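Let me begin by presenting the structure, written as structure tokens, before commenting on it.
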Amino acid sequence: MDPVLERYYALEEKARQYNPTLDANRLFSAFTYADNAHVQQRRKDGSPFVTHPLAVAEIVAEMGLDIDSIIAALLHDCIEDTQATHEEIAKFFGTPVAELVEGVTKLTRVQYTSKEEEQMENLRKMLMAMAKDIRVILIKIADRLHNMRTMNYQREQKQREKALETMQIYAPIAHRLGMQKMKWELEDLSLQYLDPVGYEEITKSLAQRSTVHEEFLEHIQNKIEARMREAKIKCQVFGRMKHVYSIYRKMHKQNIGIDQVYDLYAFRVIVDDISECYNVLGCIHDLFKPVLGRFKDYIGTPKPNMYQSLHTTVIGREGIPFEVQIRTWDMHHTAEYGIAAHWKYKRGLDGKLGTEENFEWVRKLLESQQDTDAEEFVRTLKVDMFADEVFVFTPQGDVINLPAGATPIDFAYNIHSAVGNHMTAAKVNNRIVPFDMPLQNGDIVEIVTSKSAHGPSRDWMKIAKSNEARNKIRQWLKKERREENIVHGKSSFESELRHAGISMSAITEETVLPQILKKVSFGSLEEMYAAIGYGGLTALKAVNRIRDELIRINRMRTEKIAAERMAQNNAAQQQNQPPRQLHSETGIAVEGMENCLVKFSRCCTPVRGDPVVGFITKGYGVSIHRTDCPNAALERRKPEELGRWVRVSWVEGDKMTYRTALEVASKDRDGLVMDIASVLAVAKIRVGSLSARSIGKSQAIVNVMIEVKDLEQLKGVMTKLHQISGVFSVKRMTG
Ligand code: MN
């Protein structure tokens, strides 16, 4: 049989092993589609190009991914290298496959240049974010693995480039996803090209002493196996040399030669269930001397990338230390294939794969580990996979990390505030775009600047998505547009103040203003207006703070008054005097205040006997209102003045009469005023003023200001006035 076809059948067999219901026709047509598409191409080693996608599909099947992923792996280079299109692939193999292929193609197109570590991390995140579907990343890793395996046919320059990219980008991603096996192979393959001499030194040394190593491995393995049989523990034991790159790293980190690297050997004991793991551990520690401080329980506390095992280092024959890892088969599979391993468990539950839900499931799995490291991992994955970030390139190939939805404005200010302030145009992938266009992962963004640029406008504040850009725009507006800011700020502050029902004079009062400015942290109102104008502070926030401060100031005043009253009462008690003041000139006692100035409000003209309340005015003492006066109504009391309303009561006093205003409504007739005047004269009531006016329809209103002793006398007078012919109402004036 044709060797290529043979490889295809091997793939089909591998897929069938874990997909009993495999649609072989669909898989085969994907293979022939790829074979036809790539028919003109050859690999560097001369073999038909389709051997590459076939090998990638094999790796994907080895990971245990679903059939769509295997098909996508077969087609992964079609869009990039051949006439095939997204639409055509979707038509033949379904939209999910087309999207996977599209995803891998996008990752392939990312231009890579080696940078410092921070840039690398951004680039890794960008790839993850671009992938959206985690399977895209897994297929891409498989693709890279096969390319690295066949890298010896490439030019030296290309070998080094790809090896560096693999070491800096793909191996760390494989590690993050818990795919240890892929990670190790990618690292060792990369090292081969990045430091051929160092690589050879290690492999040569290992090969020279291979008999010693093999003997040691075999000896220890036999010893462990014998002990396990004795303990009747069903398990498999594997011994191996540590992989080259981990030895290499150790040598460089500790600056030692290969002869001094002591833990070259690693053993694995794999069992069926967790409790057996701890039994095995007991046996191993009984058999060999454990190295203190080297035991790690990653079963109780899994690593962030889901890795689980018990690790211990023990001393074997001739004092040679070695590591033993103990784990179940499930854990083993997870350690080797990481996130990919979980496809196997998921399969069959609902058959739906590769959507966001499927990732949601991985997330839940990780969350269920309830471990802070795992949480951290979930958080990173969320950032990576759920794209609340966007990654774009500068024309120089630097990766810039911005919040999702970021615009060219955010990009420009991320580069430098001078770039943002002088921006006149923005290009994305070489095309001029509007400033508010959201950037996409992988976009190459270029900012056109000019010395004569107008600078940012206020609208940019709304367009920008990053705090950084907004802050920088704010800074600029603050500096360059002060006059304008003050006008803008003042008008929005004043309108917000009106809305809150606070008068400007309540703020500008001499004793209050300094405290208010301190509260909002400004030296003057003008400074505050400027800040509101450039957006450093919202008018609403300023007004809220000021209102809180006014309430506080008034509460302090009331508290001060209350404290004074308490002190007075205490003093009075000490002198055996009655605590309450029972006499005052005006006949009014203000709670907590002695000898204060009292005046009777003109709006409601209270008389002795009326239920009353007091209001502490600014500089005119306490003004007394009737409790039914609209000006004293609870709903009309301003929040900032609540502390000024005080309780008052009637006490004995020198004042004999109180002025009060009445309004008499009557039929308009001759002699009305005369009759009213004579009723008042008969009752011996002093009249301050009396005026009458006709209001049409033969009706008249008479306003009188009289002086009465108390409420009782007033009521009597009102009854008498009501009895006058033609009068239909007698009312006290309020408000
Ligand atoms: Mn490829």
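The values are calculated or read from the model by the stated rules, or taken from the named source; none is laboratory data. Only a predicted model underlies this, so the values are computations on that prediction, with no experimental measurement involved. Cβ atoms come from the backbone with ideal geometry, glycine included; neighbour counts cover every protein chain shown.
Side notes on the structure shown:
- A single member of Leu164, Leu186 is surrounded by fewer than 19 Cβ atoms within 10 Å (Cβ to Cβ), modelled with pLDDT of 90 or more and assigned to a helix (DSSP H, G or I), and it is Leu164.
- Among the residues making up segment 643-670, those that are among the charged types (D, E, K, R) and buried (at least 16 other Cβ atoms within 10 Å of the Cβ) are Arg644, Arg659, Asp668.
- Of the set (1) more than 15 Å from the ligand (Cβ to nearest atom); (2) in contact with an Asp or Glu (Cβ under 8 Å, 6 or more places away or on another chain), all apply to Thr108 but (1).
- Residue that is more than 24 Å from Arg608 (Cα to Cα), at pLDDT 85 or above and either surrounded by 16 or more Cβ atoms within 10 Å (Cβ to Cβ) or not assigned by TED's automatic domain parsing to the domain that holds Asn631 (or both), where the choices are Gly696, Gly726, Gly716: Gly726
- Pick from segment 435-476, criterion in contact (Cβ under 8 Å) with a residue 40 or more places away in the chain and part of a strand (DSSP E or B), ranking: surrounded by the fewest Cβ atoms within 10 Å (Cβ to Cβ): Ile444
- Pick from segment 63-77, criterion of a type in the set (A, V, I, L, M), buried (at least 24 other Cβ atoms within 10 Å of the Cβ) and assigned to a helix (DSSP H, G or I), ranking: nearest to the ligand (Cβ to nearest atom): Ala73
- Residue among Thr32, Thr21 that is more than 16 Å from the ligand (Cβ to nearest atom), over 14 Å from Ala142 (Cβ atoms) and either acidic (Asp, Glu) or not in a loop (DSSP other than H, G, I, E, B) (or both): Thr32
- Residues satisfying the stated conditions in segment 534-589, i.e. farther than 27 Å from Phe615 by Cβ, at pLDDT below 65 and part of a helix (DSSP H, G or I): Gln573, Gln574
- Failed condition for Ala406, given (1) at pLDDT 90 or above; (2) assigned to a helix (DSSP H, G or I): (2)
- Residues of segment 78-93 that turn out to be touching a residue at least 40 places away in the same chain (Cβ under 8 Å), away from the ligand (no atom under 14 Å from the Cβ) and surrounded by fewer than 19 Cβ atoms within 10 Å (Cβ to Cβ), as a count: 2
- Hey, Glu102 away from the ligand (no atom under 12 Å from the Cβ), out of contact with any helix residue (DSSP H, G or I) (no Cβ under 7 Å at 6 or more places or on another chain) and not small (Gly, Ala, Ser) or not: no
- Selection within segment 471-486 - over 13 Å from Ala418 (Cβ atoms), of a type outside the set (S, T, N, Q) and in contact with a helix residue (DSSP H, G or I) (Cβ under 8 Å, 6 or more places away or on another chain): Arg474, Leu477, Lys478, Arg481, Arg482, Glu484, Ile486
- Qualifying residue in segment 134-146 (condition: more than 16 Å from the ligand (Cβ to nearest atom), in contact with a helix residue (DSSP H, G or I) (Cβ under 8 Å, 6 or more places away or on another chain) and assigned by TED's automatic domain parsing to the domain that holds Ser69): yes
- Every residue from segment 35-48 that is surrounded by 20 or more Cβ atoms within 10 Å (Cβ to Cβ) and either away from the ligand (no atom under 12 Å from the Cβ) or hydrophobic (A, V, I, L, M, F, W, C) (or both): Ala37
- Hits in segment 626-662 (condition: in a loop (DSSP other than H, G, I, E, B) and either over 60 Å from the mean Cα position of the chain (by Cα) or in the same structural domain as Arg686 (by TED's automatic domain parsing) (or both)): Val651, Asp654, Lys655, Met656, Thr657
- The residue pairs whose first member lies in segment 151-169 and is under 21 Å from Gln119 (Cβ atoms), whose second member is hydroxyl-bearing (Ser, Thr, Tyr) and assigned to a helix (DSSP H, G or I), and whose beta carbons are closer than 6 Å, counting only pairs six or more residues apart or on different chains, are Arg160/Tyr193; Ala163/Ser190; Ala163/Tyr193; Thr166/Ser190; Met167/Ser190.
- Residue check, His52 within 11 Å of the ligand (Cβ to nearest atom), in contact with a Lys or Arg (Cβ under 8 Å, 6 or more places away or on another chain) and closer than 21 Å to Leu11 by Cα: yes
- Ile706 surrounded by 17 or more Cβ atoms within 10 Å (Cβ to Cβ) and of a type in the set (Val, Ile, Thr): yes
- Among the conditions (1) modelled with pLDDT under 90; (2) surrounded by 15 or more Cβ atoms within 10 Å (Cβ to Cβ), Thr301 misses just one, which is (2).
- Selected residue (only one of Tyr18, Tyr8 is in contact with a Leu (Cβ under 8 Å, 6 or more places away or on another chain), surrounded by 13 or more Cβ atoms within 10 Å (Cβ to Cβ) and aromatic (Phe, Trp, Tyr)): Tyr8
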